[in-house]
Amino acid sequence: MMKTEFVMNMPFMLMLTIGSYLLGLWVKKKSGLALLHPFLISIPVIIMVLKVTDVPCSFYMESNRLIDFMLGPCVVSLGLLLYDHRHIIRRNFLSIMSAVMTGSVVGVASVYILSRLMGLDDIFILSLEPKSVTTPIAMELSESIGGNISLTAVSVVLCGFIGAVSGPLCLQLFRIKSPVAKGLAMGSAAHGLGTARAVEMGAIEGAVSGLAIALMGVMTALILPLFNSILSL
C-alpha cells in the first residue's frame, strides 16, 4: 500500500519522466554513441518502472500533462528563430518550398513502393504513408484515409528516431555544408526529433527545420489523398 501511495502521484511521475531523460543524456555522453539517443534509453526505463509498480499508463499520461502542455510553447518558440532569420527564409523561399514538396512526395511514394515490394496489405500502406510528418498531423491523416493510428504513431516515432540518429551522419557523408539544407533535411525527414537535433547543430538549422515540419504537414495533407485516389487505395 505504501509503495502504491509513493508512486501513484504526479510529482513521482514527473520525476520519472525527467529523470529517465537525464539518464539517457548521461548514457549518451558517457558512451559517445549517437545511436544511444536519450529517447531510446528513457522509454524502456519508464515502461519498466510502470510495469514493476503496476501504475496504469493512463495515470502516467495524466500526471505528465504539464510536460505535454509545455510542448506547445516549445514549438511556438521556434517562431523566434524563424523571425531572427527571416531574411534567410525569404532569400531561400523557392528552394525551401521545392525541397519540402519533393520530400513530401518521396516520403509518401517510397512507403507505397517498398510496401508493395514486400507484399504488405493496404492497411499497412495507409498507416505508414504519413510517417514523415509530426505525430498529431500524422494520426489525423491516417484516420482520414483509413489507416491504423496506433501503427502510424509507432512509425512516426521510429522515423523521427532513425532520422535524428542517422541524419547528421548522412549530412556529413554527403558533405552537406549549407545550414538551410541541413535544417530542411532534418525537419522534412525526422520532424520533431530531427528538429531537436537540428537546433543543436545551429540556430539557422533549427529555424529552417521547424519551418519544414509545418510545411511538410501542409504538403502531405494535400498530396496524400490525391496520391491514394490516383492509386485507388
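You will find that of SER110, SER144, SER115, the residue that is crowded, with 16+ Cβ neighbours inside 10 Å and of a type in the set (S, T, N, Q) is SER115 and no other. Against the list (1) more than 17 Å from GLY187 (Cβ to Cβ); (2) under 21 Å from the mean Cα position of the chain (by Cα); (3) surrounded by 14 or more Cβ atoms within 10 Å (Cβ to Cβ); (4) hydroxyl-bearing (Ser, Thr, Tyr), the condition SER63 fails is (2).
Going by the conditions given, is LEU50 outside the structural domain of LYS182 (by TED's automatic domain parsing) and closer than 30 Å to LEU222 by Cβ? Criteria not met by LEU50. Restricting the first member to region 203-216 and to residues that are touching a residue at least 12 places away in the same chain (Cβ under 8 Å), and the second to residues that are among the polar types (S, T, N, Q) and buried (at least 23 other Cβ atoms within 10 Å of the Cβ), the beta-carbon pairs closer than 7 Å and six or more apart or on different chains are GLY206/THR195; SER209/THR195; GLY210/THR195; ALA212/SER188; ILE213/THR195; MET216/SER104; MET216/SER132; MET216/SER188. For region 60-71, filtering for residues that are at pLDDT below 80 and among the hydrophobic types (A, V, I, L, M, F, W, C) leaves 3. Here PRO168 meets each of (1) crowded, with 19+ Cβ neighbours inside 10 Å; (2) within 18 Å of VAL106 (Cβ to Cβ) with one exception, condition (2).
State whether the residues of region 91-98 include one that is modelled with pLDDT of 90 or more, assigned to a helix (DSSP H, G or I) and charged (D, E, K, R). Scanning region 91-98 turns up at least one residue that is modelled with pLDDT of 90 or more, assigned to a helix (DSSP H, G or I) and charged (D, E, K, R). Within region 7-59, restricting attention to residues that are part of a loop (DSSP other than H, G, I, E, B) and modelled with pLDDT under 85, which residue is surrounded by the most Cβ atoms within 10 Å (Cβ to Cβ)? So the residue we want is HIS37. Hey, does region 72-87 have a residue that's in contact with a Gly (Cβ under 6 Å, 6 or more places away or on another chain) and either at pLDDT 90 or above or of a type in the set (Gly, Ala, Ser) (or both)? For region 72-87, residues in contact with a Gly (Cβ under 6 Å, 6 or more places away or on another chain) and either at pLDDT 90 or above or of a type in the set (Gly, Ala, Ser) (or both): absent.
Results for (1) farther than 27 Å from LEU80 by Cα; (2) over 15 Å from the mean Cα position of the chain (by Cα); (3) charged (D, E, K, R), shown as yes or no for each residue.
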{"residue": "SER142", "(1), (2), (3)": "yes, yes, no"}
{"residue": "ASN148", "(1), (2), (3)": "yes, yes, no"}
{"residue": "SER155", "(1), (2), (3)": "yes, no, no"}
{"residue": "GLY167", "(1), (2), (3)": "no, no, no"}
{"residue": "LEU215", "(1), (2), (3)": "no, no, no"}
{"residue": "MET219", "(1), (2), (3)": "no, yes, no"}
{"residue": "LEU226", "(1), (2), (3)": "yes, yes, no"}
{"residue": "LEU231", "(1), (2), (3)": "yes, yes, no"}
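All conditions but one from (1) in contact with an Asp or Glu (Cβ under 8 Å, 6 or more places away or on another chain); (2) at pLDDT below 90; (3) assigned to a helix (DSSP H, G or I) apply to GLU200; the one that does not is (1).
The values are calculated or read from the model by the stated rules, or taken from the named source; none is laboratory data. Since the structure is predicted, the reported quantities are computational estimates derived from the model, not experimental observations. Cβ: placed from backbone, ideal geometry, glycine included. Neighbour counts: every protein chain shown.
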